[in-house]
Amino acid sequence: MSEKPTVLTPNGVVDVEEPVEEQKKETSLVVARDLLPETLLIIPLYDRPMFPKMMGPIVVEDPQLQQIILESQQTSTPIYLGLLLVKPTESGVAHAPQSVDDFFKVGVAAKVIQVSPLTENQPLQLVAQAQERFTVKELIRQKPVYRARVEYRFEDNRESGDELKAYSVAIIDCIKELVTLNPLFKEGLGLLLERINVSDPSALADFAASMTTSSGSELQEILETTSVLNRLERVLILLKKEIEISKLKADISKRIEERLSKQQREFFLKQQLKEIKKELGIAKDDTQSEIDKFEKRIKKLTLTDEASGKINEELEKLKLLEPSSAEFNVTRAYLDWLTVLPWGVYTKDNYDITKAEKILNQDHYGLDE
C-alpha cells in the first residue's frame, strides 16, 4: 500500500487520507480542497491584496515569521501561507497590525515557490503563488505571529451564459484601450495572454483588477466578491475609471508639453533675434553692454597695479557668466562699485580745528552738550 501524502501546516505535518477509487473520479478542484490546510500562518499585506492564480514577491520582516518559514523549508512538503490585507487607518495608510481586528476577513492561501537566502539585517524575500480565497473563521494572535483557521471560498463554476461572455469581452476591450493610453499596461496584457485563460471569467476578473491602480480597499472588495458575474461588473467599473484617469493624465501631459514647447520656441527665437542683431550691429547683448560700460570707466581711472589686476579679474569672470545667474548680478554689482570709486583722485587735507567745529555746529544741534 502506498504511503499517505502529507501537507505542511503552521502547526505541523498532517496526514491526508489516500482517496478511494470513486473519489479519484472527482474533479481536481475537490482534491485541491483536501490539500489546502485549514490552519494558515498569516502574512500581513499593507498595500494591495493578492488574487488567486497570481504570483508575486512577498517581503517578511518579522524575525519570528522568518524563522518559522525557514524551518518549514527544511521539509520536503509545500509551504502554504495565508495572505491578509491590513485595514488602512483614517489617514489611508496601513500600519503594523496590533490586533486581530486590524485585518480584513477574506484573503488568499498562497504556496511558497521560492525562498531567497536570508542575509543579515535584511527582510526575507519570498515568491508565492496564490491558490484560493478563504474566509477567516478564527484569527489567533501569538505575539507577534498570527495564525488563522480558514474556510475556503471555492467558486461555483456553474455560472455561465451570454452575460458572462459580454462582461469578459468588455473587460478585454478595456485592457486593450488602456494599453494604447498607457504603455505601462502593455506588460500586464502580455502576462494576461501568457498566464491567464481568457475564457475563464473568474481568472480574467481577478487579473484585470490586479492591473489597475485602484486602492487596496477597492481591490479587497473584488477579492471578497464570490459571484463571478458581480465581480466582473465591479472590475469593469474599475477599468472604466482607470481609462478616465489615463485619459486625464494624457491630456495633462499634452498640455504641459505644448506649454513647454511654446516656451522653448520663444526662447530659441529670442536667442536667434539677438544673434541676428549682433551680426548686423544693431544691438549688443546685455553682457557685452555691461562689459563695454566697465571698460570705458576703467580707461578713465588711475589704478594701482593691485586694483587693476582685481578689476580685470572680475571683468573676465563676468564675460563667462550667464546673465540669468545670481553670480552674474553679484559680479556686476561689485564691478559697478569698484569702477565708480575715485581712484587716484586726492583732496588737500585741512587741519583747521576751529573751522571744523564751526561747520559741525552749523549742521548739528546739541554738540556743545
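The values are calculated or read from the model by the stated rules, or taken from the named source; none is laboratory data. Everything numeric here is computed off the predicted structure, so don't read it as measured data. When we count neighbours, we look across all protein chains shown, and the Cβ atoms used for this are built from the backbone with ideal geometry, even at glycine.
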Listed residues 357, 327, 275, 290; which is at negative phi, surrounded by 10 or more Cβ atoms within 10 Å (Cβ to Cβ) and in contact (Cβ under 8 Å) with a residue 24 or more places away in the chain?
290
Could you list, in sequence order, the residues of segment 112-145 that are under 25 Å from the mean Cα position of the chain (by Cα) and either under 19 Å from residue 76 (Cα atoms) or not in a strand (DSSP E or B) (or both)?
116, 121, 122, 123, 126, 127, 128, 129
Filtered residue count, segment 100-117, keeping only those that are within 20 Å of residue 66 (Cα to Cα) and exposed (fewer than 15 other Cβ atoms within 10 Å of the Cβ):
4
Which of (1) outside any helix (DSSP H, G or I); (2) of a type outside the set (Gly, Ala, Ser); (3) at pLDDT below 80 does residue 302 not meet, given it meets every other one?
(3)
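A quick yes/no check of all residues on (1) surrounded by fewer than 22 Cβ atoms within 10 Å (Cβ to Cβ); (2) modelled with pLDDT under 95; (3) touching a Cys at 6+ places or on another chain (Cβ under 6 Å):
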site: 197; (1), (2), (3): yes, yes, no
site: 200; (1), (2), (3): yes, yes, no
site: 207; (1), (2), (3): no, yes, no
site: 215; (1), (2), (3): yes, yes, no
site: 226; (1), (2), (3): yes, yes, no
site: 230; (1), (2), (3): yes, yes, no
site: 235; (1), (2), (3): no, no, no
site: 246; (1), (2), (3): yes, yes, no
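In the list 109, 148, which residue meets the criterion of being part of a strand (DSSP E or B), of a type outside the set (Phe, Trp, Tyr) and either free of Cβ contacts under 8 Å to residues at least 40 places away in the same chain or closer than 20 Å to residue 203 by Cα (or both)?
Working: 148 fails: either free of Cβ contacts under 8 Å to residues at least 40 places away in the same chain or closer than 20 Å to residue 203 by Cα (or both).
One residue alone meets the criteria, 109.
Select from segment 202-227 the residues that are touching a Leu at 6+ places or on another chain (Cβ under 7 Å) and in a helix (DSSP H, G or I) and list them in ascending order.
Hits for segment 202-227 are 205, 207, 208, 209, 216, 218, 220.
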What do you reckon, is residue 90 within 17 Å of residue 60 (Cα to Cα), among the charged types (D, E, K, R) and either surrounded by 12 or more Cβ atoms within 10 Å (Cβ to Cβ) or out of contact with any strand residue (DSSP E or B) (no Cβ under 7 Å at 6 or more places or on another chain) (or both)?
no
Might you check whether a residue that is modelled with pLDDT under 90, loosely packed, with under 10 Cβ neighbours inside 10 Å, assigned to a helix (DSSP H, G or I) and not assigned by TED's automatic domain parsing to the domain that holds residue 200 occurs anywhere in segment 330-338?
no
